[in-house]
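For reference, the structure is listed below as structure tokens.
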């Protein structure tokens, strides 16, 4: 997956290659050095990754269970935590 990052200062766009197979939602870290995304690296079904904006290195932060969905992500202003909404689709009770 290739990210395109455009500089607000110069208007220049650069490409950053990641090892992720796909990604959905994104949110910049407070320091602007990384991007948090919901995506998959082929091992995790749907997870939150931190992508280094210079190198494209993706680091797994939170993995989800199969059948679950991570909807929204928001890094804390101190850069030490990330908030997210997570829900599981209804499961049938055993024997139902």
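The values are calculated or read from the model by the stated rules, or taken from the named source; none is laboratory data. Computed from a predicted model, the values in this text were never measured in an experiment. Don't worry about glycine lacking a Cβ; one is built from the backbone with ideal geometry, like all the others, and counts go over all protein chains shown.
Things to note:
- Qualifying positions in segment 12-55 - farther than 16 Å from residue 82 by Cα and touching a residue at least 40 places away in the same chain (Cβ under 8 Å): 16, 18, 53
- Only one of the listed residues (54, 20, 35) is surrounded by 13 or more Cβ atoms within 10 Å (Cβ to Cβ), modelled with pLDDT of 90 or more and either part of a loop (DSSP other than H, G, I, E, B) or on the phi > 0 side of the Ramachandran plot (or both). That residue is 20.
- Contact map, segment 75-96: first residue in a loop (DSSP other than H, G, I, E, B), second residue at pLDDT below 80, Cβ cut-off under 6 Å, separation 6 or more or different chains; pairs are 89/67.
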